[in-house]
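Presented below is the structure to which this report refers.
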Amino acid sequence: MITKYMSRRDRLLIIPVVALIVAQIFFDLKIPEYMQSMTYALQTGTTLDAISRDGVGMIVCALLSLVASLSAGTIIAFIAASFGRTLRHEIYSKSQGLSADDIATLTVASLITRTTGDIKEVQVFVSTALQTVIKAPILSVWAIAKISGGGWQWTVATAGCVIFLVAAISLITYLSIKYFDRAQKLTDSLNSETRESVLGSKVVRAYNAEEFQCQKFEKASNDMLDNYMGLFHVRFPLFMLPSVVSNFLTASIYWIGAVLISSASGAGEQMVLFSDMIAFSSYGLQVLNAFVMIADFIRDYPRVIVSVRRVEEVLGFEPSIAYVSSVPSAGSPRVQFENVSFRYPGTTRDALSEVSFCVEPGSTLGIIGQTGCGKSTVAKLLQRSYDADGGSIEIGGVAVSDYPRSMLKSRMAYVPQEAKLFSGTVRENVNFGDTEDQRTDEDVWKALEDAQAADFVRAMPEGLDTVISQHGRELSGGQRQRLSIARALCRRSEILILDDSFSALDMATESRLVSAVREGMPGTTKIIISQRVRSIISADRILVLDEGRVAGYGDHETLMRTCPKYAGIVSTQMEARRWPYRCVLKG
């Protein structure tokens, strides 16, 4: 199945590769003929000119064989590299369409290994396979045809060596399959441990857990070492087997030739046998070389077939969430949840249970509740990171399941709890997405102003052209959050989702930011998820969640009278003398 990803251009390039390999084989098999002629000429005392002509012919054939081999190798390397690039692109594109549950099933560490190590194995194997599949059969058949008229004793010796070599390598290959299969899983485990240690380095140091993490890494590393040592013990004979068999075949041909020559009746017959022996030894080694190539192909097959299966598993993976291709006639950005229930895969408790609410276009919904009550789950279901188990979720009167993926994502901008920044300039991080060419630097600065990030960006050495690292390690938590919010504001989507995105901001900055969002995006449907009352206190509607259920729904004043859960949160977080209930959204 995986070969279908080879482009038509790459398939057409195989034609000149076949022609070049055939030419190489022709010149390689022509050289023994010159050797036989030169040997016979030396024995019969032929003039030096005749011998020189044969020598020049050998050199010309060798040079032409070299040119053909290099040309074929260059084209094959290009085909393999192009094929590897296509596979990496396909896996990356596939991973972009996977849901959060799909990613958890495949695991991030495994996807990284499959995109890098496994595809590299496949790419190298393709270059080897093209050489072997084309060259080995032609070379073996052609060389056997050349020696078919030789002594049967030499033929039997050659056939015996070939059969022994193929049988030995096939047995070793069969025994090594389980080691290759385990090696890829151990690589995933090692990548996972490395990734955890690097990304969680601050936590590891804070809890003085370096030794614990080192022990986990050492165990994964030792498991891989033990597996590869077992593989080495099984495959060790392969490193010397072809050389040993080649030397044995050469010795056998010369030993048989010595016997035949000593029993020949006359000097003329002895000279013919001697020249035939020289040519046969060369042709016999060519036959053996063809089968060595096939044996190498078989030897590498178990390692590669494991990688191929892992790549095919991703390419053939059926996403748990299927998107439609037809484009609906969606209306306004009105968001509605109707009796929505959802349970995360592998859990026994509902994350949401019969949740209903409605957000009119241009209005603001605040969602509040204790940790783990299902606030972020609402955002995930709205973006269709998961499908609801029950109820309906609609945007503009159309169910989210009836939207094509690109259309659904284009209608909303999302800011997650943890600010996500990419390596690149500030401009590239803020003006981000499929419509970046439709926005100018003025739009970027407007978004930065609204997100209260313009001042510190202007203070940077290069302004918008300042390069920041992945995750923005050189920035503070508040700066990262504001740049992440600016990215969402710059997009000017119909729906804005802020998922606890103000946690690192001070009270005054948060107030100015929310006011800027209200004034600068009057037609945008806004959903603000927070654990802090001051972030959502003046929203048009507030949804109070408690263990996945709706504990209250209404504006602040209504909830203070009718929802003890909300009133308790307010009394815990605020004191009337220190924090008046002023409206940060309505001014």
If we scan the range 526-537, do we find a residue that is modelled with pLDDT under 90, under 21 Å from ARG334 (Cβ atoms) and buried (at least 17 other Cβ atoms within 10 Å of the Cβ)? yes
Provide a single number: the residues in the range 451-496 that are among the hydroxyl-bearing types (Ser, Thr, Tyr) and exposed (fewer than 14 other Cβ atoms within 10 Å of the Cβ). 2
Subset of the range 281-307 (residues that are surrounded by fewer than 18 Cβ atoms within 10 Å (Cβ to Cβ) and among the hydrophobic types (A, V, I, L, M, F, W, C)): ILE298, ILE305
Can you find, within the range 300-319, the residue that is farthest from PHE125 (Cα to Cα) among those that are β-branched (Val, Ile, Thr) and within 12 Å of the chain's Cα centre (by Cα)? VAL314
Consider ARG518 carefully, then state whether it is within 16 Å of SER535 (Cβ to Cβ), part of a helix (DSSP H, G or I) and at pLDDT below 90. yes
Somewhere in the range 92-103, is a residue within 22 Å of ILE321 (Cα to Cα), in contact (Cβ under 8 Å) with a residue 24 or more places away in the chain and within 11 Å of the chain's Cα centre (by Cα)? yes
State yes or no: is ILE395 in contact (Cβ under 8 Å) with a residue 40 or more places away in the chain and farther than 27 Å from GLN336 by Cα? no
Looking at the range 183-221, which of its residues are among the acidic types (Asp, Glu) and either touching a residue at least 40 places away in the same chain (Cβ under 8 Å) or touching a strand residue (DSSP E or B) at 6+ places or on another chain (Cβ under 8 Å) (or both)? ASP188
Search result, residues across the range 543-567 that are among the acidic types (Asp, Glu) and either surrounded by 17 or more Cβ atoms within 10 Å (Cβ to Cβ) or touching a residue at least 24 places away in the same chain (Cβ under 8 Å) (or both): ASP546, GLU547
Examine the range 503-512 for a residue that is modelled with pLDDT of 85 or more and of a type in the set (Lys, Arg), and state whether such a residue exists. yes
Would you check which residues across the range 229-253 are loosely packed, with under 15 Cβ neighbours inside 10 Å and among the hydroxyl-bearing types (Ser, Thr, Tyr) and list them? SER243
Is it the case, given these coordinates, that TYR34 is in the same structural domain as ILE261 (by TED's automatic domain parsing), on the phi < 0 side of the Ramachandran plot, modelled with pLDDT under 90 and in contact with a Gly (Cβ under 7 Å, 6 or more places away or on another chain)? yes
Condition first: more than 22 Å from THR377 (Cα to Cα) and assigned to a helix (DSSP H, G or I). Now tell me which residues in the range 533-558 satisfy that. HIS556, GLU557, THR558
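Would it be correct to say that GLU510 is among the acidic types (Asp, Glu) and surrounded by 20 or more Cβ atoms within 10 Å (Cβ to Cβ)?
For GLU510, the condition - among the acidic types (Asp, Glu) and surrounded by 20 or more Cβ atoms within 10 Å (Cβ to Cβ) - is met.
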Say whether the condition of being assigned to a helix (DSSP H, G or I), modelled with pLDDT of 85 or more and among the β-branched types (Val, Ile, Thr) is met by at least one residue in the range 22-31. yes
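For the structure I just gave you, tell me whether LEU249 is closer than 26 Å to ALA290 by Cα, modelled with pLDDT of 75 or more and of a type in the set (A, V, I, L, M, F, W, C). Break it down into steps so the answer makes sense when it comes.
Details: closer than 26 Å to ALA290 by Cα: yes; modelled with pLDDT of 75 or more: yes; of a type in the set (A, V, I, L, M, F, W, C): yes.
Yes; evaluated as a whole, the condition is true for this residue.
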With respect to the numbered conditions (1) touching a Lys or Arg at 6+ places or on another chain (Cβ under 9 Å); (2) of a type in the set (S, T, N, Q); (3) not assigned by TED's automatic domain parsing to the domain that holds THR524, which one is the sole condition not fulfilled by THR440? (1)
Report whether or not TYR179 is in the same structural domain as GLY257 (by TED's automatic domain parsing), among the aromatic types (Phe, Trp, Tyr), at pLDDT 80 or above and in contact with a Leu (Cβ under 7 Å, 6 or more places away or on another chain). yes
Only one of MET224, MET277, MET271 is of a type outside the set (Asp, Glu), crowded, with 16+ Cβ neighbours inside 10 Å, farther than 28 Å from ALA167 by Cβ and modelled with pLDDT under 75; which? MET271
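The values are calculated or read from the model by the stated rules, or taken from the named source; none is laboratory data. Everything quoted here is computed from the prediction, not taken from an experiment. Backbone-built Cβ (ideal geometry, glycine too); neighbour counts: all protein chains shown.
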